[in-house]
Amino acid sequence: MTIQDFGSIGELIGAVATVATLAYLAIQIKDNTRITKAESRRNNYSGVSLALAPIVADEAVAKIFISGLADFKGLAPVDRVRFSMMMGRLVAGAQLAFFEKLDGVSEDHADQHVNNMIMFIATPGGTAWWEAMSQNYRPQFRDEVEDLLAKERAGEPEQLVSHA
């Protein structure tokens, strides 16, 4: 065998090693994407749980939330702030899920999260809160919420549709 033959064998081994490395990296990226999506779901569910925990755990807080859903503007100022904070946490989590879906990070829970939020916003007090606070959210998300609310009011609840 000549040096040229050894060089050709070396190039072949290098090519095989490169292909094997690329295959390994592709598997690692796929696993990392799966783990990232799972972590995103866990974080989102944790955020919802944290937002709902005080409502579930404390009867007084639950009463404020229920009263706020019925009549946001009729709440006492301190209760209006508490209700706003509770709704704000729920809506912020839904906005995060919405944009994660648009980014392709976590597609499977965004619809559920946003549609659950719509149930609260579609109430008389939730609607009044949304009208007062919606400018705090990103335009694309606001448009989506407005579309879903219109469908909810028309009796056509529908899954989240992205405007991407």
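From VAL91, VAL81, VAL145, which residue is aliphatic (A, V, I, L, M), modelled with pLDDT of 85 or more and within 29 Å of ASN32 (Cα to Cα)?
Details: VAL81 fails: within 29 Å of ASN32 (Cα to Cα); VAL145 fails: within 29 Å of ASN32 (Cα to Cα).
Just a single option satisfies the conditions, and that option is VAL91.
Could you pull out the residue among ALA38, ALA51, ALA57 that is modelled with pLDDT under 85 and surrounded by 14 or more Cβ atoms within 10 Å (Cβ to Cβ)? Quick ask: steps written out before the conclusion?
Values: ALA38 fails: surrounded by 14 or more Cβ atoms within 10 Å (Cβ to Cβ); ALA57 fails: surrounded by 14 or more Cβ atoms within 10 Å (Cβ to Cβ).
One residue alone meets the criteria, ALA51.
In the stretch 115-150, what residues are surrounded by fewer than 14 Cβ atoms within 10 Å (Cβ to Cβ), out of contact with any helix residue (DSSP H, G or I) (no Cβ under 8 Å at 6 or more places or on another chain) and farther than 22 Å from LYS73 by Cα?
PRO139, ASP143
The values are calculated or read from the model by the stated rules, or taken from the named source; none is laboratory data. Remember, it's a predicted structure, so these values are computed and weren't measured experimentally. Neighbour counts are summed over all protein chains in view; Cβ atoms, including those assigned to glycine, are modelled from backbone coordinates with ideal geometry.
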